[in-house]
Amino acid sequence: MGNEPAQIRLHGRLIDTLYTEAMLLADEARAYFERASAERDALQPIDRVVFSCESLKVTTRLMHILSWLLSQRAVEMGQIDRIEARMSTRRIGEAADSDPATLAGLPAEAIALIEASRELYARVARLDAAEEPAEPAPSPALNLLSRLESAF
């Protein structure tokens, strides 16, 4: 396992990079949704509802991402162990996806932020899924024994 320290450093740098990206996106989204009241008010009533729902979805995705990244940082710093980080409460939370068809009536900047949050969430969710321990391969010996038992 001589390669493990290099993997740990790489993982730590990846987490730091994703954390910075998530914080920048969160700041950009906050600023946009705060100043977008004129754009929101110019939308059709149904699109105003979609706009409000999508701003909440962006916020929720980013909160799930940041929470997961902070758990990973805690592992890197030795504050929690990897087993604890795999507990369901520390995994990336479920976030409602956005339907691209319903976004069509929204301003371009809102769509760009929504898509950026979806893409970042998908990348972090893949990392979270990769943390899942692999299922052990079935034992050939147990498989043979099972076949023998069923034959007799």
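The values are calculated or read from the model by the stated rules, or taken from the named source; none is laboratory data. The structure displayed is predicted, hence computed values, not measured ones. We place every Cβ from the backbone using ideal geometry, glycine too, and count neighbours over all the protein chains shown.
Couple of notes before you dig in:
- Within the stretch 58-93, if we keep just the residues that are in contact with a His (Cβ under 8 Å, 6 or more places away or on another chain) and part of a loop (DSSP other than H, G, I, E, B), the residue that is modelled with the highest pLDDT turns out to be Ile92.
- The number of residues in the stretch 24-49 that are under 14 Å from Ile114 (Cβ atoms) and outside any helix (DSSP H, G or I) comes to 1.
- Residue match in the stretch 99-120 (condition: buried (at least 16 other Cβ atoms within 10 Å of the Cβ), within 28 Å of Arg13 (Cα to Cα), under 10 Å from the mean Cα position of the chain (by Cα) and of a type in the set (Gly, Ala, Ser)): yes
- Of all residue pairs spaced 6 or more apart or on separate chains, those with beta-carbon atoms under 8 Å, a first member in the stretch 73-97 that is among the basic types (Lys, Arg) and a second member that is loosely packed, with under 13 Cβ neighbours inside 10 Å are Arg86/Glu132; Arg86/Pro133.
- Residue check, Ala96 under 21 Å from the mean Cα position of the chain (by Cα), at pLDDT below 95 and either small (Gly, Ala, Ser) or not in a helix (DSSP H, G or I) (or both): yes
- Residue check for Tyr19: at pLDDT 95 or above and in contact with an Asp or Glu (Cβ under 8 Å, 6 or more places away or on another chain): no
- Some residue of the stretch 83-103 being in contact with a Leu (Cβ under 7 Å, 6 or more places away or on another chain), closer than 28 Å to Asp47 by Cβ and among the β-branched types (Val, Ile, Thr): no
- Residues of the stretch 19-55 that are surrounded by 16 or more Cβ atoms within 10 Å (Cβ to Cβ) and of a type in the set (Ser, Thr, Tyr): Tyr19, Tyr32, Ser55.
- Among the conditions (1) in contact with an Asp or Glu (Cβ under 8 Å, 6 or more places away or on another chain); (2) on the phi > 0 side of the Ramachandran plot; (3) of a type outside the set (A, V, I, L, M), the only one that Gly105 does not satisfy is (2).
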